[in-house]
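Rule-based calculations on the coordinates, nothing more; no lab input. Being a predicted model, the structure only gives us computed values, none of them experimental. For neighbour counting, all protein chains shown are included, and Cβ atoms are generated from backbone atoms with ideal geometry for every residue, glycine included.
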């Protein structure tokens, strides 16, 4: 079974930075697809979250200005971009060797299509690299405890070391060729 590697840790510990660094190190060596999630800041304040696919397409995931019932803290969540752009980026092409998903958390899990895609990826023959919330119930807890998943716990200020560990684990598993 291909490696299904998920990084977990407290919010702000550098999970996305570690995955982004690993993706940058591997981008010339392995065909990959997926997306990363970033904070959207305005005047030094966090306004929301946006996703960017590995091929450069962007989508809004959450924003303080979004109304509605789908909320995480002060952020209204919109599924339109996640489901049309983000989930599509999680569908591997025939030559894809690695799928990247940042992150499996409360906002993304409002989407049934997203959850279904993660389940398909866990059962697929393509390596999976992602981040998952350290705390949570339901799908998050099942993912963290899934026997197919290798979970790496991260602490603050260790993103460079974790990025190197990600690359080594993917190489050792044969998901990416050795340099």
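Is it the case, given these coordinates, that residue 8 is in contact with a helix residue (DSSP H, G or I) (Cβ under 7 Å, 6 or more places away or on another chain), part of a strand (DSSP E or B), in contact (Cβ under 8 Å) with a residue 12 or more places away in the chain and farther than 24 Å from residue 136 by Cβ?
Numbers: in contact with a helix residue (DSSP H, G or I) (Cβ under 7 Å, 6 or more places away or on another chain): yes; part of a strand (DSSP E or B): yes; in contact (Cβ under 8 Å) with a residue 12 or more places away in the chain: yes; farther than 24 Å from residue 136 by Cβ: no.
No: the conditions fail for residue 8.
Out of the stretch 150-179, which residues are over 14 Å from residue 19 (Cβ atoms), surrounded by 15 or more Cβ atoms within 10 Å (Cβ to Cβ) and without any contact (Cβ under 8 Å) to a residue 40 or more places away in the chain?
171
Restricting attention to the stretch 132-149, does a residue exist that is touching a residue at least 60 places away in the same chain (Cβ under 8 Å) and assigned to a helix (DSSP H, G or I)? Show your work before the answer.
Pass one, the stretch 132-149, residues touching a residue at least 60 places away in the same chain (Cβ under 8 Å): 132-134, 143-144, 146, 148-149.
When the remaining residues are screened for being assigned to a helix (DSSP H, G or I), the result is 143-144.
Scanning the stretch 132-149, I find at least one residue that is touching a residue at least 60 places away in the same chain (Cβ under 8 Å) and assigned to a helix (DSSP H, G or I), so the answer is yes.
Does residue 24 fit the bill of being in contact with a strand residue (DSSP E or B) (Cβ under 8 Å, 6 or more places away or on another chain), under 19 Å from residue 131 (Cβ atoms), without any contact (Cβ under 8 Å) to a residue 40 or more places away in the chain and surrounded by fewer than 14 Cβ atoms within 10 Å (Cβ to Cβ)?
Numbers: in contact with a strand residue (DSSP E or B) (Cβ under 8 Å, 6 or more places away or on another chain): no; under 19 Å from residue 131 (Cβ atoms): yes; without any contact (Cβ under 8 Å) to a residue 40 or more places away in the chain: yes; surrounded by fewer than 14 Cβ atoms within 10 Å (Cβ to Cβ): yes.
No.
Based on this model, can you work out whether residue 76 counts as in contact with a strand residue (DSSP E or B) (Cβ under 7 Å, 6 or more places away or on another chain), more than 27 Å from residue 152 (Cβ to Cβ), surrounded by 15 or more Cβ atoms within 10 Å (Cβ to Cβ) and free of Cβ contacts under 8 Å to residues at least 60 places away in the same chain?
Values: in contact with a strand residue (DSSP E or B) (Cβ under 7 Å, 6 or more places away or on another chain): yes; more than 27 Å from residue 152 (Cβ to Cβ): yes; surrounded by 15 or more Cβ atoms within 10 Å (Cβ to Cβ): yes; free of Cβ contacts under 8 Å to residues at least 60 places away in the same chain: yes.
Yes; evaluated as a whole, the condition is true for this residue.
Could you tell me how many of the residues in the stretch 150-162 are in contact with a strand residue (DSSP E or B) (Cβ under 7 Å, 6 or more places away or on another chain) and either part of a helix (DSSP H, G or I) or closer than 24 Å to residue 32 by Cα (or both)?
Of all residues in the stretch 150-162, those in contact with a strand residue (DSSP E or B) (Cβ under 7 Å, 6 or more places away or on another chain) come to 150-155, 162.
Pick out the ones that are also either part of a helix (DSSP H, G or I) or closer than 24 Å to residue 32 by Cα (or both) and you get 150-154, 162.
The number of residues fulfilling the criteria is 6.
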